[in-house]
Amino acid sequence: MRVGTVVAVTAAAIGLSVTPAAAAPRPGPIGEPPPSIAGPLRNNGTGQPAEHAQRGQAGQTSTTLEPAIDCVSSPEQPNPVVVLGGFGAVGDIRGTLERQMAGITSGIRDLGGCAFIFGYGIIGPMQAAAPVAESAGQLRAFIAKLLATTGATHVDIVAHSSGALVANYYLKFLHGGAHVERATYLAPVTRGTTAATLIGGLDLPGSPEGLAEILNDATDPLRANVLAGVAGALDCLAGSQVNRALLDGGITVPGVIYSVLATHGDQVLTPPGPASFINDPRVENDYFEDLYPQAGLSSHATLPMTPEAAQWVTKQLLSE
């Protein structure tokens, strides 16, 4: 099976169509910033929305989309809120993320807070295609800039899907815990997904079972090549180096307040709930349908767009 086919299949599983991107670099050793994220991001010095480039280990460039830092938080909600979407925002990435997160960002503004949607790991037309380690380095650089510009001492993070994987890498391995007060996650990639989940039920050339076997076997030399254009998706698979390292010794870091909202209708992260929940007694783990039974069943992709999920996010940001 061609790499381009698998790229399209991966995004199709979450309701998107994409153009294959070029090969992205793999993360460096877990526990230290990989070489691909060692240098600072370039900026245009204007404070306006800008696209920043970062060179990876193999010469691949991934980019970010930074929002304008032009909002002043109220004393009641002093922490700037960094909002992260997941894998698969394609083409008009900024517009896609703004539409997906509109209810959440509006709710944050209603609290007197400031929400900043950050696009990361962009290769070609797709967000989160770069390795998670590289995307986490970009997040680190943006949060440092945000704190320096606003004078705030901490940020809160709201993340959906693989955005939470990037946030957890930043918090645990890039010393982000000192700068973050709350990590609020919607259908987060916590225990990883499986290739079978991504490709199940799709009409593909070759053998879907054989592809799943390759992707789920971390020792198979073909594994890195199959999703070479979207290494960030490969990092989301259960058993990936990133996933194993985050689970080893626990995901959470001291001082950060974590909360997770999963949905019974999640078709990407299975089993729904356990694949997203963080096993720590200090973490609030809930199902969307249990908290908002009148809203009906949600899905992995639509969860952040529901009014009830936006209400849940604002509640978490106000919690002590």
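Going by the alpha-carbon gyration tensor, a ≥ b ≥ c the square roots of its eigenvalues, is the range 72-191 rounded (a/c under 1.5) or, if a/c is not under 1.5, prolate (a/b greater than b/c) versus oblate? All intermediate terms of the calculation are to be shown ahead of the outcome.
On the way: a/c = 1.69, a/b = 1.24, b/c = 1.36.
Since a/c reaches 1.5 but b/c is at least a/b, the shape of the range 72-191 is classed as oblate.
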Charge tally in the Cβ shell below 15 Å around residue 310, where Lys, Arg are +1 and Asp, Glu are -1, residue 310 excluded:
-2
Förster radius 56 Å - calculated FRET efficiency between residue 175 and residue 294 (Cβ-Cβ, nearest 0.05):
0.85
Env charge @ residue 244, Cβ radius under 12 Å, K,R +1 / D,E -1, value -1
So, R0 is 30 Å and r is the distance between the beta-carbons of residue 94 and residue 264; what FRET efficiency does that work out to, to 0.05?
0.45
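Provide 257, 122 ordered by accessible surface of protein heavy atoms (probe 1.4 Å), highest first. Working shown, then result.
Working: 257 60, 122 10 Å².
The most accessible residue leads, giving 257, 122.
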For residue 260, which sequence-distant residues (separation of 5 or more, or a different chain) have an amide H within less than 5 Å of its own amide H, given hydrogens modelled in the peptide plane?
185, 284, 285, 286
Any chance you could look up the accessible area of residue 315 with a 1.4 Å probe, heavy atoms only, rounded to 10 Å²?
130
Simple spin-label model, 7 Å along Cα-to-Cβ: residue 106 to residue 282 in nm?
3.5
Protection proxy (average C-beta count within 10 Å per residue), highest first, orders 269-277, 94-102 as 269-277, 94-102
Kindly report, to the nearest 10 Å², the accessible surface of residue 72 as traced by a 1.4 Å probe over protein heavy atoms only.
130
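The values are calculated or read from the model by the stated rules, or taken from the named source; none is laboratory data. None of the values given here were measured: they were computed from a predicted structure. Don't worry about glycine lacking a Cβ; one is built from the backbone with ideal geometry, like all the others, and counts go over all protein chains shown. In case anyone asks, the SASA skips ligands and DNA or RNA and just uses the protein heavy atoms, side chains included. Shrake-Rupley method; radii C 1.70, N 1.55, O 1.52, S 1.80 Å.
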